[in-house]
Amino acid sequence: MPILTPDQLAEITRRTVGHYQGRAADFWEGTRDHDVRQNMDALLSAIEGKGPFRILDLGCGPGRDVAAFAALGHQPVGLDACSAFCAMARERTGCEVWQQDFLDLVLPAGHFHGVFANASLFHVPGQELARVLRELAATLLPGGGFFSSNPRGKNVEGWNQDRYGAYHDLAAWTGAMTEAGLEAIGHYYRPPGLPRAQQPWLASTWRKPRSDARLEPI
């Protein structure tokens, strides 16, 4: 695939965010009752140590999962590029929510115990994915967990109406996450209980290794 120019990357952000901006209320109504506790539990089990945890909800949308993590006693921070979503998430949760573009993240180093990227990272163009994943890995504390769920595909990307998406298979996604310095824990497909052909979502869990692990007693 040809290399995307800065102007093309900006257009991807503008159109994709604009899609959600114009449909924020409908998106909330369509997703507010989705059951993603399996995904939340997967992240929490990937984090070493005992909570409460500081969790970055990447692509938090209107705040459904921010509220759920807060209700469990954790300290979530939402992040989304859509201003309407950010406003909705702040109002509904009372939690901190950052408005940031995935391609222009400004994150504190070594701050979060977990990153929850539920149905969000597939909007990152393939050529930018390694950089974005490294930035997300850098915001994790050692021993921190990382959850991702993306619509799976045959490593293709492009426009779906006004949304840009990149669709990876397990091997490609594993390669990208490993390159970012994260260790694989496990993966599964969603929705649960259906034949694989009816499970379009690839979910996976990862952990940031402790840099001094080799010095710890066995």
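The values are calculated or read from the model by the stated rules, or taken from the named source; none is laboratory data. These numbers were taken from a predicted model, which means no experiment stands behind them. Every residue, glycine among them, receives a Cβ derived from its backbone with ideal geometry; neighbour counts consider all protein chains shown.
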Selection from region 139-154 of residues that are surrounded by 14 or more Cβ atoms within 10 Å (Cβ to Cβ) and not aromatic (F, W, Y): T139, L140, L141, G143, G144, G145, S148, S149, N150, P151, R152, G153
Out of V115, V106, V124, which single residue is among the hydrophobic types (A, V, I, L, M, F, W, C), within 21 Å of L202 (Cα to Cα) and free of Cβ contacts under 8 Å to residues at least 60 places away in the same chain? V124
Looking at region 34-43, is at least one residue more than 17 Å from the chain's Cα centre (by Cα), within 26 Å of T205 (Cβ to Cβ) and of a type in the set (S, T, N, Q)? no
Which residues, taken from region 28-44, are among the small types (G, A, S) and surrounded by fewer than 20 Cβ atoms within 10 Å (Cβ to Cβ)? G30
Candidates L129, L136, filtered to the one that is modelled with pLDDT of 95 or more, under 14 Å from the mean Cα position of the chain (by Cα), more than 30 Å from K50 (Cβ to Cβ) and surrounded by 15 or more Cβ atoms within 10 Å (Cβ to Cβ): L129
Is it true that some residue in region 69-88 is β-branched (V, I, T), out of contact with any Leu (no Cβ under 8 Å at 6 or more places or on another chain) and closer than 23 Å to L133 by Cβ? no
Under 8 Å between Cβ atoms, at least 6 apart or on separate chains: pull out the pairs that start in region 198-209 with a residue that is more than 12 Å from W173 (Cβ to Cβ) and end on any residue that is part of a loop (DSSP other than H, G, I, E, B) and among the β-branched types (V, I, T). R207/I47
Testing I47 on (1) touching a helix residue (DSSP H, G or I) at 6+ places or on another chain (Cβ under 9 Å); (2) β-branched (V, I, T); (3) buried (at least 24 other Cβ atoms within 10 Å of the Cβ), one condition comes back false. Which one is that? (1)
Selection from region 170-214 of residues that are in a strand (DSSP E or B) and more than 15 Å from N150 (Cα to Cα): E183, A184, I185, R207
For region 87-122, how many residues are surrounded by 22 or more Cβ atoms within 10 Å (Cβ to Cβ), in a helix (DSSP H, G or I) and of a type outside the set (S, T, N, Q)? 5
Candidates R90, R54, R32, R64 - the one that is modelled with pLDDT under 95 and of a type in the set (K, R): R32
For E157: the one exception among (1) in a helix (DSSP H, G or I); (2) under 23 Å from A137 (Cβ atoms); (3) more than 17 Å from the chain's Cα centre (by Cα): (1)
